[in-house]
Amino acid sequence: MENNRKKVQRRIIVLVVVLLIGILVVTFRYGWLQLVQGSELAERMRYQVGQDYLVQSPRGAIIDRNGRELAVSTMTKSLFVDPNHVENPQQLAEDLAPLVDKTVEDILTDINIGGGFVWIKRRMEQAEYEAIRKMIREKGYATCLGFRDEAKRYYPNDVLAANVLGFVGTDDKGLDGIEQAFDKYIKGEVTESFLYTDGRDNPILESIFARHGYQGDRCKTIQLTIDSAIQFIVEQELDRAMAENTPLAITCIAMDPKTGEILAMANRPSYNPNRFWDYEGVWKNLAVSSIYEPGSTFKVITAGAALQEGIVSPNQTFIDPGYVMVSGKRIQNWNGSSFGTVTFADVVKQSLNTGFALLGLDLGAEKLNYYARLFGFGEPTGIELPGEEAGILYDPAEMVDSDIATMAIGQSIAVTPLQLITAISAVANDGILLKPHVVKTIKNANGSTYSETRVEEVRKTIDAATDKTLVGLLEQVVATGGGRKAAVRGYRIAGKTGTAQKINEYGTGYTDGLYIASFCGFGPVENPRLTLLVVIDEPSGTFYGGQIAAPVASRIFSQVFRYMRIEPSGAIFDDEELADDVGEGDSSGKPNVTKPPEKVEPKAEEVKEVEVPQGSAVVPDFSSKSIREASRLANEAGLKIDAQGSGFAVGQSIEAGVIVDKGTTIKIMFSP
C-alpha cells in the first residue's frame, strides 16, 4: 500500500516537472517569437496578405489673376504587370506593345525584372486606358495586369504661358518655371498605404483610393499676376511676328508699372508643357535668363541720368556732326548722316548716337554706372522664376572714354528683358523702381490666403520733375520720332526703339547682318497702365526696331487697352501738321515725312465689296461678342470656333476680314 502511494507521488512529481518544463519551453518560445522575431514575422505575414503602396495625391493648381486654370492635376490610370503571374511573356508583350507605344523588347525587359509589381505605362490618356482594359477582358490578362490611379499634370491651354508655368516630371517634381520654383507648396503629398490582396496578389479593393482617399487638401494653389486674356493677345501677336519676320526668337513682357505685376510673359519659339519632351531646346525662359545688348532702348537711362544731373535740358542745342571719334573709335548716327543743329529733344526723338555718346562722356564712368545700377541693371530683379541672369555692366575703374561712349548708347553691356522693362516701368511710375513679381497669392485648399505678394518699392531713381520731363521726351519718340509705328490713335504712348548688332560667338566683336530689334514703352502717358517690351532676335530682312518691333507693340497696346476698357484721351497727331517718321525705323538713311491718315469716314458708294472665292469665308469681327453670339457669327460664315475662357471676346487667332477656307477653326479668347 505504501509502495503504491509512493509510486503515485513520483508520477505526480514527474508530471508536474514535465508540465513545468513544457510551460517554460512554451513561455520561452512565445517570448522569443514575440520579443526577438516578432517584427520579422509580422512583416512576413503582412506581405502574405497584401503589399505597401505609395499614394501620390494631386498637385496644387496654378491659376491666373482672374482664377482661370493654367495648370491642374487630374486622376489617370497607370498600368502595371505582375511578372509572377505572366504565363506567356512574348504574347503579352506583343498584345501590349501597340497600345502603350512601347516595343515588344522593352515590355519583355520590364516583365523579366520579376517580383510582383512592375510599371508598364504611367498616367495614360483615357483612350489608352479604355483600349487596354478591353484587351485585358478579351485576352484574359486580369491575373497579371492591373491599374492604379495616379495624378497627372494637365495644362488646359497647351502652349499659353508655357515658359512661365514650366512642367512636371514623371515623379511629380517641378522641373522648370513656377512648377519648379513653388514645388514645395504645390507638390502632391506622398503617403504610404497598405493594399490587401487575394491569393493571386489581386487587389481586394477596386482602387486603393477608395480606402484611403486623396490627400490633396493640403496642397496649395498658386495664383499668378498673369492675365490669360492679355497673355493670349501677346502670344497671338508673337505668332504673327514670327511669320512676318522669321526671326530666331521673340520675347515679350507686359507689366503693370504701378505695381510691378507681370501681366504677360511669352517667348517664341515655345512649347506645349503637356508634351514637353517633344520640345527640348526651347524650355528656357528668355525673358529672365537671356542677356543681350539693349542698344538704343538703354538711352532712356542715359537721358534720365543727364537730366537729373543738370547736364542737359530739353531745349539745349547741339551741333550734330554725324559722327564723333572717341579714343580712336568712330561712333556715328544710325544713318551715318549729320542732322546739323538740333535740340536735346531732337537727339532723343531721332536717337542720335553722337549726342548720347557726348552726354555719356559728360556724365563719366562713375555716374553712368551709378544710374544704370539705380535703375536695376547689373543684378537680378528677384522675380519668383528660376534661372534669372544678372546681366553685365562695366567696372567704372577700368573704363576708358570709348567704353563710356558705347555704354551711353547701349553697347558693350548686357541686360535681361525683365531688367529693361522694370527700368522703363520706373520711368512710367514717377521714377520709382518696383520689384517685379509674377505670383499674386498662395492660397490654402480651403480658399484662405497663405501668403500675398505686396507692391515692393526698391528705390527712387530720379526726381518726379525730372521723370516728367523724360516722359515728355519719350512721348515725342512715339508721336513724331523713330517709334511712331508703336503709336495707337487716340492714346498717348511713350517709348524708345532699339536696334543692336549681335556680338559674335567669341565675344570679340559684332556679327555682320545679325541684329536684335526692340521697342519698350508704356501708356497711356497720363495714367500708365501697361508697360510693354518686344525683343526680336535675328529678324530676316528689315531689322530696325522702329520698323518691326514697334508695330507689334502697337497691336498689343491697342487690343489690351480695349480689353482693359481704357477710353481714348484724344488724337495722337495734329492733322494740321506733318509728322516726321524718323529714327532707327528707316533703313534708307533719310528721314521720312509722312502725313497722318485723315479722319474721314468713307462714303457709302466708295466702299467696295470683296469677292470671296467659292468654299471660302471672311473671318468676322468677334470682339466684344459673347460665346453664343460668336458661335452664331461663325456658323453663318461656315467657320468653327475654339472658345477660351468665358464672358466677351477680347482676341481672336485670325484677324477679322481675312479670307479663309470654310470649316477653319478660329481660337477666341473670352474674358469677363
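Structure notes:
- Every test in (1) surrounded by fewer than 16 Cβ atoms within 10 Å (Cβ to Cβ); (2) more than 26 Å from ASP176 (Cα to Cα); (3) of a type in the set (Asp, Glu) is passed by GLU280 save one, and that test is (2).
One line per residue, one yes/no per condition, for (1) touching a strand residue (DSSP E or B) at 6+ places or on another chain (Cβ under 6 Å); (2) at pLDDT 85 or above; (3) not assigned by TED's automatic domain parsing to the domain that holds TYR271:
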| residue | (1), (2), (3) |
| --- | --- |
| VAL81 | yes, yes, yes |
| ASN84 | no, no, yes |
| MET124 | yes, no, yes |
| GLU130 | no, yes, yes |
| LYS134 | no, yes, yes |
| PHE147 | yes, no, yes |
| LYS152 | yes, no, yes |
| ASN157 | no, yes, yes |
| VAL164 | yes, yes, yes |
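- Residue pairs whose Cβ atoms lie under 7 Å apart, separated by 6 or more positions or on different chains, with the first residue in segment 83-109 and among the acidic types (Asp, Glu) and the second part of a helix (DSSP H, G or I), are GLU94/VAL104; ASP95/MET135; ASP95/LYS139.
- For segment 509-549, taking the residues that are of a type in the set (A, V, I, L, M, F, W, C) and closer than 14 Å to TYR491 by Cβ, the one that is nearest to the chain's Cα centre (by Cα) is identified as LEU532.
- Whichever residue in segment 502-533 is over 24 Å from TYR563 (Cα atoms) and among the acidic types (Asp, Glu) and, among such residues, is modelled with the highest pLDDT: ASP512
- Flag if ILE536 is within 19 Å of PHE298 (Cα to Cα), at pLDDT 95 or above, part of a loop (DSSP other than H, G, I, E, B) and not small (Gly, Ala, Ser): no
- Of the candidates ALA71, ALA97, ALA61, the single residue that is surrounded by 11 or more Cβ atoms within 10 Å (Cβ to Cβ), at pLDDT 85 or above and farther than 30 Å from GLY166 by Cβ is ALA97.
- Restricting the first member to segment 349-366 and to residues that are farther than 26 Å from LYS485 by Cα, and the second to residues that are among the aromatic types (Phe, Trp, Tyr) and surrounded by fewer than 24 Cβ atoms within 10 Å (Cβ to Cβ), the beta-carbon pairs closer than 8 Å and six or more apart or on different chains are LEU358/PHE318; LEU363/TYR371; ALA365/TYR394.
- Hits in segment 539-571 (condition: farther than 20 Å from ARG268 by Cβ and in a loop (DSSP other than H, G, I, E, B)): MET564, ARG565, ILE566, GLU567, PRO568, SER569, GLY570, ALA571
- Restricting attention to segment 438-467, the residues that are loosely packed, with under 15 Cβ neighbours inside 10 Å and either within 21 Å of ILE424 (Cα to Cα) or in contact with a Gly (Cβ under 9 Å, 6 or more places away or on another chain) (or both) add up to 10.
- Here SER351, SER412, SER338 are screened, and the one residue that is among the small types (Gly, Ala, Ser), in contact with an Asp or Glu (Cβ under 7 Å, 6 or more places away or on another chain), surrounded by 22 or more Cβ atoms within 10 Å (Cβ to Cβ) and not in a strand (DSSP E or B) is SER351.
- Selection over segment 354-383 of residues that are of a type in the set (D, E, K, R) and either surrounded by 18 or more Cβ atoms within 10 Å (Cβ to Cβ) or over 26 Å from THR259 (Cα atoms) (or both) gives a count of 3.
- From ILE424, ILE413, residue being β-branched (Val, Ile, Thr) and closer than 27 Å to THR259 by Cα: ILE424
- Check on THR441, touching a residue at least 60 places away in the same chain (Cβ under 8 Å), assigned to a helix (DSSP H, G or I) and of a type in the set (S, T, N, Q): no
- Among residues of segment 118-134, those that are in contact with an Asp or Glu (Cβ under 7 Å, 6 or more places away or on another chain) and part of a helix (DSSP H, G or I), counted: 0
- Subset of segment 332-368 [among the β-branched types (Val, Ile, Thr) and more than 38 Å from the chain's Cα centre (by Cα)]: THR341, VAL342, THR343, THR354
- Single match in SER289, SER296 (criterion: among the hydroxyl-bearing types (Ser, Thr, Tyr) and under 14 Å from the mean Cα position of the chain (by Cα)): SER289
- GLY304 modelled with pLDDT of 95 or more, part of a loop (DSSP other than H, G, I, E, B) and within 24 Å of GLY472 (Cα to Cα): no
- Some residue of segment 26-39 being more than 30 Å from ILE262 (Cβ to Cβ), exposed (fewer than 10 other Cβ atoms within 10 Å of the Cβ) and modelled with pLDDT under 80: yes
- Test for GLY199: is it in contact with a strand residue (DSSP E or B) (Cβ under 6 Å, 6 or more places away or on another chain), outside any strand (DSSP E or B) and modelled with pLDDT under 80: no
- Pairing residues of segment 220-245 that are over 17 Å from ASN157 (Cα atoms) and not assigned by TED's automatic domain parsing to the domain that holds LEU533 with residues that are part of a helix (DSSP H, G or I) and aromatic (Phe, Trp, Tyr), at Cβ distances under 8 Å and at least 6 apart in sequence or on separate chains, gives LYS220/TYR185.
- Cβ pairs under 9 Å, 6+ apart, first in segment 450-474 and touching a residue at least 60 places away in the same chain (Cβ under 8 Å) and under 21 Å from PHE344 (Cα atoms), second part of a strand (DSSP E or B) and among the small types (Gly, Ala, Ser): LEU470/ALA494; GLY472/ALA494; LEU473/ALA494; LEU474/ALA494; LEU474/GLY495; LEU474/GLY521
- Evaluation of ALA243 against the conditions (1) touching a Pro at 6+ places or on another chain (Cβ under 7 Å); (2) modelled with pLDDT under 95 shows that the sole unmet condition is (1).
- Counted residues, segment 497-524 - those being without any contact (Cβ under 8 Å) to a residue 60 or more places away in the chain and buried (at least 20 other Cβ atoms within 10 Å of the Cβ): 4
The values are calculated or read from the model by the stated rules, or taken from the named source; none is laboratory data. Predicted model, so just to flag it, every value in this text is computed and none were measured. Neighbour counts run over all protein chains shown; Cβ positions are idealised from the backbone, glycine included.
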